[in-house]
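Single-structure report; data block below.
The values are calculated or read from the model by the stated rules, or taken from the named source; none is laboratory data. Keep in mind that what you see is a predicted model, and the values were worked out from it rather than measured. Positions of Cβ are generated from backbone atoms using ideal geometry, with glycine treated the same way; all protein chains shown enter the neighbour counts. Ligands, DNA and RNA are excluded from the accessible area calculation, which covers all protein heavy atoms including side chains. Shrake-Rupley method; radii C 1.70, N 1.55, O 1.52, S 1.80 Å.
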Amino acid sequence: MKYKAAIFDLDGTLLDTIDDIKETMNKVLEAKGYQKFTLHQYKYFVGKGVDNLIKQVIAAGNIDPNEFDSIKKGYYDIYKTQSKVHTKAYDGINELLKKLNDNDISINVLSNKPHVQTLDVIEHYFGKDVFDYVYGKKEEFMPKPNPDSLHDLIKNLGLNIDQVIYIGDTETDILTAKNANVFSVGVLWGFRTEDELINAGANAIISKPKD
């Protein structure tokens, strides 16, 4: 059966956001007198939503867990503008989206980034009405790899699970697809390694968008 929809992860798949995520969190930590972390460390802190990112930072920095809400507020405040500094679409992504659209394949986004932030960066970097559905982390759903948000998006598309592929760069994305019984595509231009995608059970792995 021909696939009728592609659903993309956002961070590390459509957009290279890691520099702005690092800068945002490090500014919050520096203002509070805590240690900053490296780009490589943030590549493994991210992927399961902002709450998990903060928990990872608190654990790695031996920070008082009571600082969670304050760090989260600071992160949200700074990211509003920081998200538009270094972030960019990966090479070939815009051409891929156009090709899918030209072939009448629905293009969509499912991210663990907070929903409001997801909508904001999608509109800023891709414009309005490019994607049929854009889901960030919504309050009514558990974060990925829980499959409920993916199932809800597929339901809204009016498609069956075997008509959809899910594309992402981390174990979380592959497990999300597996948990939803959706064909998974792991990408190698993102934040994680090929071994991670293989071990997670990706159905296919690609090294560049035109693949």
| query | Within segment 174-187, can one find any residue that is surrounded by fewer than 21 Cβ atoms within 10 Å (Cβ to Cβ) and closer than 29 Å to LYS84 by Cβ? | reply | no
| query | Any idea which of (1) surrounded by 15 or more Cβ atoms within 10 Å (Cβ to Cβ); (2) more than 13 Å from the chain's Cα centre (by Cα); (3) among the charged types (D, E, K, R) is the one ARG192 doesn't satisfy? | reply | (2)
| query | Any residue at all in segment 78-94 that is out of contact with any Ser or Thr (no Cβ under 9 Å at 6 or more places or on another chain), over 25 Å from THR13 (Cα atoms) and part of a helix (DSSP H, G or I)? | reply | no
| Here is a list of conditions, (1) open to solvent by 60 Å² or more (accessible area, probe 1.4 Å); (2) closer than 22 Å to LYS43 by Cα; (3) basic (Lys, Arg), and LYS210 meets all of them except one; can you say which number that is? | (2)
| said: Can you go through LYS43, LYS32, LYS48, LYS27 and tell me which one is open to solvent by 50 Å² or more (accessible area, probe 1.4 Å) and touching a strand residue (DSSP E or B) at 6+ places or on another chain (Cβ under 7 Å)? | reply: LYS48
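Yes or no, residue by residue, for (1) on the phi > 0 side of the Ramachandran plot; (2) surrounded by 12 or more Cβ atoms within 10 Å (Cβ to Cβ); (3) not in a strand (DSSP E or B):
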residue	(1), (2), (3)
LEU96	no, yes, yes
LEU100	no, yes, yes
VAL109	no, yes, no
LEU119	no, yes, yes
GLU123	no, yes, yes
ASP129	yes, no, yes
| task | Identify the single condition in (1) within 20 Å of the chain's Cα centre (by Cα); (2) farther than 26 Å from GLU139 by Cβ that ALA60 does not satisfy, given that it satisfies every other one. | result | (1)
| Name the residues in segment 117-137 that are free of Cβ contacts under 8 Å to residues at least 12 places away in the same chain and within 14 Å of LEU97 (Cα to Cα), would you? | GLY127, LYS128, ASP129
